[in-house]
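Structure, as structure tokens:
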Amino acid sequence: MTAQDAVTQALAWFDSGAFRDTLARRVAYATESQRDDRDAVLADYLSQEIAPPLAEMGFSLQWLDNPEAANRPFLIATRIEDPALPTLLCYGHGDVVTGDAEGWRDGLTPWALVEEGDRWYGRGTADNKGQHSINLAALAQVYTARGGKLGFNCKLLFEMGEEISSPGLAAICRSHREALRADLFIAADGPRMSADRPTLFLGSRGCVNFRLSVTPRERAYHSGNWGGVLSNPGTRLANAIAALVDARGALQVDALKPPALTPALRAILRELEAGGQPGDPAIDADWGEPGLTPAERLFGWNTLEVLSFLTGNPHQPMNAIPAQATAVCQLRFVVETDWTQLTHHLRAHLDAAGFPDVAVEVIRGTPATRLDPAHPLVEWALGIMQHASGKKPALLPNLGGSLPNEVFAEILGLPTLWIPHSYPACGQHAADEHLLKPVAREGLQIMVELLWALGEADNPLSLTQEVAP
């Protein structure tokens, strides 16, 4: 059997409705990791939906308790066909964000797959049940087409807490580093660049949330009696934020900016257009770092966002100077940003700008990652994606958002390739979440061709020693 035979067989299976039925069954599990009353459902999803098809392909299964979040378990599945063959590590998460049933339009519900035209609606269809179901289906199709083998070794790591920032994932990867040892990492999460363009991204921007606060006194005071002689914390904080990011959204803290974009990176980003697709918001062309294109600002630069700002009582304002003002802000950043020293850099910048009264508190953060776009695996994957789809794929040096890629790239030391099967307007984390049927079908075709090529004698892992951890 050839790669084309395997693809033909896989697409016939998809067109029969078998994939839709599988996805519908998985969507019905209300795997909301934020809720304490979903513990049994989260465990059932792994044991009833993920484990059985892997066991049928001869994977050994290892169940792991979460060392940091009770009842948010992990599963490691392993199939070793020959130690001399390359080993692929895959990843997926079965948990979803809160269903938000009241926010869905009439006729839709988070926990039942509803088909309308080319759209399959339901919570998790895009993030991440639909995406990991495509990859699992591709594995099964290659396994069947090759007569009960893959042609490579394969390991899968599934978690049930990604939507609560993946507690325990790093610890599991550290303590089970040998069990997860591989040559290459491939997974699906996040959106494509657009619905009609297959996409490969090589990492993600990092993200650090921090709180700024001004508390000049213990209680509020009448604004008529004391206005003009007591500092207003809301005014102080607003001006402090303006010292960090200007009125056009450009970051003002030089120590938190990345190095200038290289010519090679600019060449890659020149091929990309941010937004412009149905359902996308209109791009503000003059927002952000001057001199950069929208794609360069989104994928190659750092942004400081104000997520919330609170002073006084916004629901019932009083004629009083508030006692406190607080804002939660976020820095999205690319590799080579000195983000671990964020508190120091903000403190120095605010002090120099005349705001020593503004307190800085880091809430949480994750690193930025990016596989070198010149890595031989990148060209290999792009070539297969173009052959399978008949389209030139988009290459993103990193996703604009954040994923737990650092555990695979840094703790496990793997080259990481992410091939998403959703699109920007999919409703991820919102009401009316959906998966596009043509994108899912094309994603299956791409993954079957890619996995088939990985099992061939001339696979890129047999041609280079660079990818071995």
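The values are calculated or read from the model by the stated rules, or taken from the named source; none is laboratory data. A quick note: this is a predicted structure, and the numbers were derived from the prediction, not measured. Cβ coordinates were reconstructed from backbone atoms using ideal geometry, including for glycine residues, and neighbour counts include every protein chain displayed. When the accessible area is computed, the model is the full protein with side chains, heavy atoms only, and any ligands, DNA or RNA have been set aside. Shrake-Rupley method; radii C 1.70, N 1.55, O 1.52, S 1.80 Å.
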Taking LYS149 as the anchor, which aspartates and glutamates have their alpha carbon closer than 13 Å to its alpha carbon, excluding any fewer than eight residues away along the same chain? GLU56, GLU81, ASP82, GLU456
Computed E for GLN316/LEU61 - FRET, C-beta separation, R0 51 angstrom, nearest 0.05: 0.40
Hey, rough spin-label estimate for ALA348 and ARG364, points 7 angstrom out along Cα→Cβ, what's it come to in nanometres? 2.9
With a 1.4 Å probe and all protein chains left in place, how much of the accessible area of region 292-382 comes from carbon and sulfur atoms, in whole percent? 55
Estimated distance in nm for a label pair at THR8 and SER165, the labels positioned 7 Å out from Cα along Cα-to-Cβ: 5.2
Contour minus Cα-Cα span, ILE411 to ASP254, at 0.36 nm per residue, comes to 53.6 nm
Neighbour cut-off at most 16 other Cβ (10 Å), DSSP loop, trypsin sites (Lys or Arg not before Pro), region 76-140: ARG105
Give me D for region 282-411 in µm² s⁻¹, whole number, from Stokes-Einstein with Rh from the Kirkwood sum over alpha-carbon pairs, 37 °C and 0.692 mPa s. 177
Can you tell me the FRET efficiency between HIS387 and GLU102 if r is taken as the Cβ-Cβ distance and R0 is 41 Å, rounded to the nearest 0.05? 0.35
Heavy-atom accessible area per residue, region 142-278, 1.4 Å probe: how many Å²? 41
Rounded to the nearest Å, what's the spacing between the alpha carbon centres of region 1-78 and region 390-457? Just the number, please. 17
Taking the chain as the reference, fit the longest principal axis to its C-alpha atoms, fit the long axis of helix 129-145 to the helix C-alpha atoms, and give the angle between the two in degrees, 0 to 90, nearest 10. 20
By the scheme Lys and Arg +1, Asp and Glu -1, what is the net charge of all other residues having a beta-carbon under 13 Å from that of ALA55? -1
Region 242-349: trypsin sites (Lys or Arg not before Pro) in DSSP coil with no more than 12 other Cβ atoms inside 10 Å: ARG248, ARG270
Segment MET1-ARG217, length gained on full extension (0.36 nm per residue, minus Cα span): 70.1 nm
Solvent-accessible area, 1.4 Å probe, carbon plus sulfur percent, for region 1-99: 50
For LYS391, which aspartates and glutamates qualify as cross-link partners when the Cα separation must be under 14 Å and same-chain residues fewer than eight apart are set aside? ASP196, GLU271, GLU442
Carbon plus sulfur, as percent of the 1.4 Å-probe accessible area of region 137-189, comes to 47
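Using the crude model of +1 on Lys and Arg Cβ and -1 on Asp and Glu Cβ, and no other charge, please compute the dipole size for region 40-159 relative to its Cα centre, in debye to 20.
About 460 debye.
Could you report region 1-120's accessible area per residue, 1.4 Å probe, as an integer in Å²?
46
Helix-derived [θ] at 222 nm for the chain: sum -39500 (n - 2.57) over DSSP H runs of at least 4, divide by residue count, nearest 500?
-8500 deg cm²/dmol
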Mean separation of Cα pairs under 8 Å and 6+ residues apart, divided by the residue count of the chain: what relative contact order is that in percent? 25
With every protein chain kept in place and a 1.4 Å probe, the residues LYS155, LYS437 fall, from largest accessible area down, as LYS437, LYS155
Whole-number D in µm² s⁻¹ for the chain, Kirkwood Cα-pair radius fed into Stokes-Einstein, 10 °C, 1.306 mPa s: 67
